[in-house]
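Read-outs: derived from the displayed coordinates by stated rules, not from any lab. Keep in mind that what you see is a predicted model, and the values were worked out from it rather than measured. Cβ: placed from backbone, ideal geometry, glycine included. Neighbour counts: every protein chain shown.
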Amino acid sequence: MVGVTVSALIGVMNPLLGNLCTLLDREDVKLQGVRRHIVFLRDELRSMSTTLEMVSESEEANPQVKEWMSQLRELSYDVQDCIEIFMHRLHHVDTCNGFIHKIISKVITLKARYQIGIQINELKERVMEVSDRRKRYKVDPSAFSPKSVEMDPRLPALFEESDKLVGIDRQMDKLVKWLSDGISMDTQRKVVSIVGLGGLGKTTLANQVFQKVRSQFDCTAFVSVTRSPNVNKILSDTLLQFLKSSSITADQNQDIARVHEDLYLKTSEYPQLVNMNRDYLQNKRYLIIIDDLWSKQAWKQVQCAFPQNNNASKIMTTTRIEEVAKYCSFPHKEYVYAMMPLNSYDSKSLFLKRIFYNKDDCPLELKEVTDDILRKCHGLPLAIVNIASLLATKPTSKREWERVRNSLGSALEQDHELELVKKILFLSYCDLPHYLKICFLDLSIFPEDHMIGRLCLIRRWIAEGFIAEQQGQRLEDTAENYFSELINRNMIKPVGTDYSGRPRACQVHDIMLDLIISLSVKENFVTIVADHKLTPLTNKIRRLSLQGNCTEQSLWLGMNNLSQVRSFSVFGDVMKMPSLLYFHVLRVLDIQNCSSLEDRDIENIGDLIHLRYLSLYNSNISKIPRQIGRLQHLQTLDLRATRIKEQPATIAQLYQLVRLCVPNGVGLPNGIGNMKALEELSMFDASKNSPEVMQELGNLTNLRVLGIKWCADSAVNDEGSFKKSLVSSFCNLGERNLHSLKIETTERCSMDFLFDSLCPHPCHVRTFSNSPIFSRLPKYISYLSVLTNLVIFIEEMGVGDVDMLKDLAALRCLQIFTTEYPQESLTISPGGFQYLEDFHFRPSMYLKNKKGKMSLIFEAGAMPRLNRLWFRFAVHDTLSSYGADFDFGISHVSSLKCIWVSINCRGAMVWEVEAAKATITNAASHLPNRPRHEIHIFGEEDMIEDEEHVEGSGVAGQPEGAPK
């Protein structure tokens, strides 16, 4: 497919043309005829770019045209590298201080101009050769017939809610029963296996079952294994998930943070990780989903960490291999569940819901072609969803649908199911516009089942130059649209959501990943060293992805073919890091979860003068070299979860830096006020910085996202001066561009001084999150007219606080955490919260001896757009006040799609808990959307047996009509 080659080529051509235009704007490129040559390069490459965009719309091209494009791709890379090196030298002269330094730099630059003149002349000759070859091959744009491509107008992400799934109810019921059997008895660990072809939806089914039953277990985890598993990482992940899923206090949160550091910043051996998991799980009822097992050996290595503890624990595995499924469940072979393709009815429901949301909206003229398409999909959900997502971007016409049907080919009906899915996915890929193809190819860099952060991904795209500038729109906003478009087309799967409803991350289906890796390698887009395998080496490696501890690194370590690498990514520990001195034109350096990375490995970071994106997330680095100030093109610096305790003074020289993420407890140097391009800073530890630095914070007038931490216990000498500087900076930022504000403090520290002094109010803030516990709701919140997302911790919520929040017209997500149960009922009336979609109300779960009424009562018409509701209540106090059939008014919130309820059982009798559960379930079942609902129970250890309560206290027992 010619579009594959073109997308990789256009991805480098567009930023190259931008660089050429920038260079021509300078007055100092006129010497040695350089300007004339650059004009020629720009005009000739611009003409070729126009041809490429026409070619990208064609269905196929002959081998000669493909060869021409391949040569043009390599030429474009070399031209861009040459131009950027020259531009850097010119910039270096501009920034030199002192007469002598300027004279020396001028001499060096004259030599550079002479050398660049020679190089550009050589490149000009290569361009002429490529241009002549195009003419000989008769690459004529008019010879290609363009495809009709229309952008999907539904930019909001299509999240995979359970109500969008079809054909899994019966499967879910059976698996839920298997996992719930014997849950109340001291039975041995049981293993349930799901087996089926790739694309059948095994992971989706396992996840839905997991969400359904997880509340019945003390701790839970969901991990992916992949074909060549990193067992140590898997066991580290399971332990962390087990810890986080248990009922924990605020102090235990700090313990989890320390365990996280020990696991990922230190090297833990396999036996140690096995013992850590076994020790933690020994007396617990646990549930773990082990997704995507490929071998018996992988199961042997992983399962030893999960003890046979006679607590009715459960393990569920998914695999494509029947022998592996039987091996995992042995000796209980009856607990192997074989997934089958969807039947014709469910296939059609899934297909039409993806396009029309309501299958009855499908025009009659499309019925026959719909049946033809579905026959070719053989009931495979992944194939059905991708074809439907492709058609959702097309005009709803019989002709267009027939064209897609014909593209599938009649031969598919005889193909193996896996090959069928791959061909359908390839068709979806080919239909992408070229600007999405290049972004999608970049996903080939990440390992299988890797959780790819949305913000990290789009910032990589920007650093690589994949995002085209659009008038009146920030590059990051354009990149967000590209990301949403890939989700709309079902090319990537969203994972989790932030407060605005956008995905926090994404994943690529392993079948899709196989496809784009093959395309990327073929087009010399990426070279992957992973799992003791090496993708074919070329003379010039453009992007390098190092995945895991690979012995074949000796094939490329120390070789000059690293000098053209533009993107270098490392995932996990490696045997040996290549020297940064080899990388001459590197733009992206992304190192994740690498405890083997040492300070000496990045001591030459200052030589990466073209670097735009630098992430050392979750690595063992403790010091940043002072030479980092030389990285004048750096836009993103991510140092989260490292051991770094202070930043060098030179970091203030990164004048193009847009995003700076530092670990907790890190001080910043004087001079940060000069970093005018900075739009994001997190987490800024105010107590670790001088009053001067906090005063400079107010000079960052482009700052849009700020995360700040305050710890009064560690404040030095003059706390009053600190506070004064902080208030001054906040006032200045609040009236400028600040859109997102997150504040953290220690439990004994109050931030009331800050919020009481804010004037003017931060009127542009859309997202606000605080971890200090307010004694009262700050009045300034009522002035935040564009606030869409509010997360607030407060001692107690009152009726007046609800009245203050209900008129925030833009509010979409509200999360309230309280340390006390309200002493009065909070009634949600139909007069406010007109656009709220997500509402969390969670009083503390550790109030053992304090009573409080149920705090929420929904009146008819309240929160008319609410989709998700999460609330917590004390069951005994609530039923004592309102009776066993009290449903909190859930039945009045007709728009609900998801309900999560946490029931505090302390001091309650069994019948009270069962009555509350039955009432909530009944209310949910009568809502129009039949929302998914989950009921979580805690405090069971302090429940009172019905008989004990009746006999010991004299209180009347179970009332008439209560559940038996």
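Residue by residue, segment 832-840 carries 3J(HN,Hα) couplings of x, 6, 5, 10, 5, 10, 9, 10, 10 Hz when phi is fed to the Karplus relation 6.51 cos²θ - 1.76 cosθ + 1.60 (θ = phi - 60°); x denotes Gly or Pro. Amide H to amide H under 5 Å from Ala505: which residues, 5+ apart in sequence or cross-chain, H placed 1.01 Å off N in plane? Under 5 Å from the amide H of Ala505: Arg454, Val495.
Estimated from the Cβ-Cβ distance and a Förster radius of 56 angstrom, the FRET efficiency linking Ile935 and Ser397 is about 0.75. Here's how it looks for Ser224: its modeled amide H is under 5 Å from those of Asp291, which are all 5 or more places away or on a different chain.
How much FRET efficiency would the formula 1/(1 + (r/R0)^6) give for Asn283 and Glu334, where r is the Cβ-Cβ distance and R0 is 22 Å, rounded to 0.05? Write out the running numbers ahead of the final one.
Working: r = 28 Å, r/R0 = 1.29.
That gives a FRET efficiency of 0.20.
The phi-based Karplus calculation (6.51 cos²θ - 1.76 cosθ + 1.60; θ = phi - 60°) puts the 3J(HN,Hα) values of segment 899-905 at 10, 10, 10, 10, 10, 7, 8 Hz, whole numbers, x for Gly and Pro. With the cut-off at under 20 Å, measuring from each backbone N in segment 390-404 to a point 7 Å along the Cα-to-Cβ line of Leu364 picks out 396-402. Label separation (Thr497 vs Thr921): 2.6 nm, computed from points 7 Å beyond Cα along the C-beta direction. Converting phi to 3J(HN,Hα) with the Karplus coefficients 6.51, -1.76 and 1.60 and the offset θ = phi - 60°, segment 764-770 yields 9, 5, 9, 10, 10, 9, 10 Hz in sequence order, with x at every glycine or proline. Around the amide H of Val192, modelled in the peptide plane, lie the amide H atoms of Ile315, Met316, Thr317, all under 5 Å away and 5 or more residues distant in sequence or on another chain. The distance between label points at Glu323 and Val39 comes to 7.1 nm (points 7 Å beyond Cα on the Cα→Cβ vector).
Which FRET efficiency value, to the nearest 0.05, do you get for Asn670 and Met575 by plugging their Cβ-Cβ distance into 1/(1 + (r/R0)^6) with R0 = 56 Å? Numbers along the way, then the final one.
Values: r = 40 Å, r/R0 = 0.72.
The computed FRET efficiency comes out at 0.85.
Length available on full extension from Glu692 to Gln188: 0.36 nm per residue minus the Cα-Cα distance, which gives 175.2 nm. When the pairs Lys244/Lys645; Lys576/Lys709; Lys212/Lys233; Lys177/Lys897 are compared against a 29 Å limit on Cα-Cα distance, Lys576/Lys709 fall above it. Remark: segment 188-338 carries a charge dipole of roughly 440 debye about the Cα centre, counting +1 on each Lys and Arg Cβ and -1 on each Asp and Glu Cβ.
Annotation for Ser622 and Ser596: the two label points, set 7 Å from Cα along the Cα-Cβ direction, are 2.0 nm apart.
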